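Below you'll find the structure, written out as structure tokens, and then a few comments.
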């Protein structure tokens, strides 16, 4: 192979060619994502702006990407610059750089199809759990073929480019070397000074704002912001005022020690609501990525959920129930701890999160067998450490007998295996005459959407619809088998989701994309019906304690679903930095840099229209989020017997 080319006109420098290749690749990727999303979704009026801002972010990213090349060129001795081995190495680096550009473009495409965003904190988290993530990718896509195609295309492009650029570098004087070294420092500094990920927003259309970004730029920004101090980044109010606002909203926050007194288990004023009698046991099932829109009872006409639809018709269905976040750990946090989603990382993933005021901690102290049952390995996302530290017994994939595992993929066993092993755990608890509370977390409704053959009429891998229908099959099978158990008649089943399948939308927090099902099922315990009260996941922990007639419901930020109807209905929706407060068809959004936005939400379509923030609702949102964040940081969510030294005093 020939590594040099001497055209009549001077060939462009390799750095210039690489910079141009990067900008072209990122622009073409942006164009492809824009076309795939749909120009109408991003808004025709935003086209020029998103491509112009996108080019700015691409240049800002390029300022960092060129640093290794600049430094290498600055320090490479003159005697080596024309050597054949060095020229070959530069050719190999050219091929590798183009390969990485193409690989990044493919990775962004895959990420966009899943989340409709550029790389964000989810991508950062994926670096921690490489086994599950890489396994998921390998089971979902033809990885060897994709990598081979990238390598071949990169080879062809590198060869063509090598015919037009100088691979044999010219000697450099001291001044030029210093200039290259100075550029290696100045370009990133300039990028940091003029470019900020917050500039990505502003169009009023979330698709357009995301398309304007650069994946490498947003990835680095998410890495830096994965932990956000509420008091540093968000608008605050005097804490005494916040406490008064919460009290007016029914958040009493009784001392945890009072709720955990073992000799005072019964709560004489606990709300029974529409239930005919109190259950002895509660089984909470949070289904992976189960948007309400998948269920027939919520309007889907594809027949994906016949079992859930039947259970909904025989039980109590909540029509306006919302997930607090976009990740499994957010759902687990809300469903166990009952707190609004604090900015940054979920409490499930944070240090010092043991012996908190979880529903499991309350019930374990009051004589219940408490378990977290998961179909995967619970070390993922720190789930086992969190639940074990809060008095749940862990029953995960590593505890299941091998003969019971009829199918598994990288995320976990098939849901039917999960439920079979959950039934065995409940049988053991019942045999000891102990009431039980169990939180089951499923895995099958997740890419790669594989499951046992012959269970449903969609062959695996069945995509999202197959995943939903198989999970529905497994839940139906679970309930049928539970009916044969002596403890069934005294058990309340609560069926919901950890989060929706997607939160894509034109607004920052598309409310409709956070809507999830909630079904309370228990023959002889729950009469059939539909409840239209607005609520969110943080309201389930106090509701569970209410329905069991146990102490502790007043310690949560959530409100019992059957408490006094005079309590204002509201819901919380968020991603890792935008914090939403949904009330009276208004969505108030708290953002970093003390910003506040508001939207008017259509109650039927959930379409969002920009609006002026309502001062009272802004203060209510701040009161909830500020107090929840401080309560965790200061150890006020802990059992007093386990409290350590607060991280920082409240402001």
Residue under evaluation residue 608, criteria (1) modelled with pLDDT under 95; (2) surrounded by fewer than 16 Cβ atoms within 10 Å (Cβ to Cβ); (3) under 22 Å from residue 503 (Cβ atoms), criterion not met: (2)
Candidates 278, 330, 310, 350, filtered to the one that is assigned by TED's automatic domain parsing to the domain that holds residue 431, surrounded by fewer than 19 Cβ atoms within 10 Å (Cβ to Cβ) and within 26 Å of the chain's Cα centre (by Cα): 350
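Is it the case that region 430-441 has a residue that's within 25 Å of the chain's Cα centre (by Cα), in contact (Cβ under 8 Å) with a residue 60 or more places away in the chain and within 20 Å of residue 306 (Cα to Cα)?
Within region 430-441 (the criterion being within 25 Å of the chain's Cα centre (by Cα), in contact (Cβ under 8 Å) with a residue 60 or more places away in the chain and within 20 Å of residue 306 (Cα to Cα)), the answer is no, since none of the residues qualifies.
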Boolean, residue 605 is assigned to a loop (DSSP other than H, G, I, E, B) and more than 18 Å from residue 340 (Cβ to Cβ): yes
Odd one out for residue 568 among (1) over 16 Å from residue 321 (Cα atoms); (2) surrounded by fewer than 24 Cβ atoms within 10 Å (Cβ to Cβ); (3) at pLDDT below 90: (1)
Listing of strands (runs of 3 or more DSSP E) fully contained in region 483-574 that carry 3 or more residues being closer than 19 Å to residue 339 by Cβ and not assigned by TED's automatic domain parsing to the domain that holds residue 114: 491-497, 571-574
Exclusive hit being crowded, with 23+ Cβ neighbours inside 10 Å, outside any loop (DSSP other than H, G, I, E, B) and touching a helix residue (DSSP H, G or I) at 6+ places or on another chain (Cβ under 8 Å), set 381, 472: 472
Residue in region 383-397 that is assigned by TED's automatic domain parsing to the domain that holds residue 438 and in contact (Cβ under 8 Å) with a residue 60 or more places away in the chain present: no
Counted residues, region 48-83 - those being farther than 12 Å from residue 26 by Cβ, in contact (Cβ under 8 Å) with a residue 24 or more places away in the chain and touching a helix residue (DSSP H, G or I) at 6+ places or on another chain (Cβ under 8 Å): 14
Contacts under 8 angstrom Cβ, first residue in region 298-311 being within 14 Å of residue 480 (Cα to Cα), partner part of a loop (DSSP other than H, G, I, E, B) and modelled with pLDDT of 95 or more, 6 or more apart: 308/295; 308/517
Conditions (1) touching a helix residue (DSSP H, G or I) at 6+ places or on another chain (Cβ under 8 Å); (2) modelled with pLDDT of 80 or more; (3) buried (at least 18 other Cβ atoms within 10 Å of the Cβ); number of the one not met by residue 190: (3)
Output for region 290-304, where each listed residue is in a loop (DSSP other than H, G, I, E, B) and either out of contact with any strand residue (DSSP E or B) (no Cβ under 6 Å at 6 or more places or on another chain) or more than 18 Å from residue 511 (Cβ to Cβ) (or both): 291, 295, 299, 300, 301, 302, 303, 304
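Condition check ((1) buried (at least 18 other Cβ atoms within 10 Å of the Cβ); (2) assigned by TED's automatic domain parsing to the domain that holds residue 500; (3) modelled with pLDDT of 95 or more; (4) not in a loop (DSSP other than H, G, I, E, B)) across all residues:
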residue: 418; (1), (2), (3), (4): yes, yes, yes, yes
residue: 422; (1), (2), (3), (4): yes, yes, yes, yes
residue: 425; (1), (2), (3), (4): yes, yes, yes, yes
residue: 430; (1), (2), (3), (4): yes, yes, no, yes
residue: 434; (1), (2), (3), (4): no, yes, no, no
residue: 439; (1), (2), (3), (4): yes, yes, yes, yes
residue: 446; (1), (2), (3), (4): yes, yes, no, no
Out of 272, 228, sole residue that is modelled with pLDDT under 95, assigned to a loop (DSSP other than H, G, I, E, B) and loosely packed, with under 14 Cβ neighbours inside 10 Å: 272
Every residue from region 8-41 that is under 22 Å from residue 69 (Cβ atoms) and at pLDDT below 80: 10, 11, 12, 13, 14
Filter pass, residue 387 being under 22 Å from the mean Cα position of the chain (by Cα), assigned to a helix (DSSP H, G or I) and either at pLDDT 90 or above or closer than 21 Å to residue 541 by Cα (or both): yes
So residue 189, is it without any contact (Cβ under 8 Å) to a residue 60 or more places away in the chain, under 30 Å from residue 451 (Cβ atoms), part of a helix (DSSP H, G or I) and under 32 Å from the mean Cα position of the chain (by Cα): no
From 94, 89, 102, residue being in the same structural domain as residue 140 (by TED's automatic domain parsing), in a helix (DSSP H, G or I), within 24 Å of residue 153 (Cβ to Cβ) and without any contact (Cβ under 8 Å) to a residue 60 or more places away in the chain: 89
Residue among 222, 242 that is crowded, with 18+ Cβ neighbours inside 10 Å, in a helix (DSSP H, G or I) and at pLDDT below 80: 222
Hits in region 582-617 (condition: under 22 Å from residue 241 (Cα atoms) and in contact (Cβ under 8 Å) with a residue 60 or more places away in the chain): 582, 587, 589, 590, 591, 592, 593, 594, 595, 596, 597
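The values are calculated or read from the model by the stated rules, or taken from the named source; none is laboratory data. Since we're looking at a predicted model, the values are computed, not measured. Glycine gets a Cβ as well: all are built from the backbone with ideal geometry, and neighbour counts include every protein chain shown.
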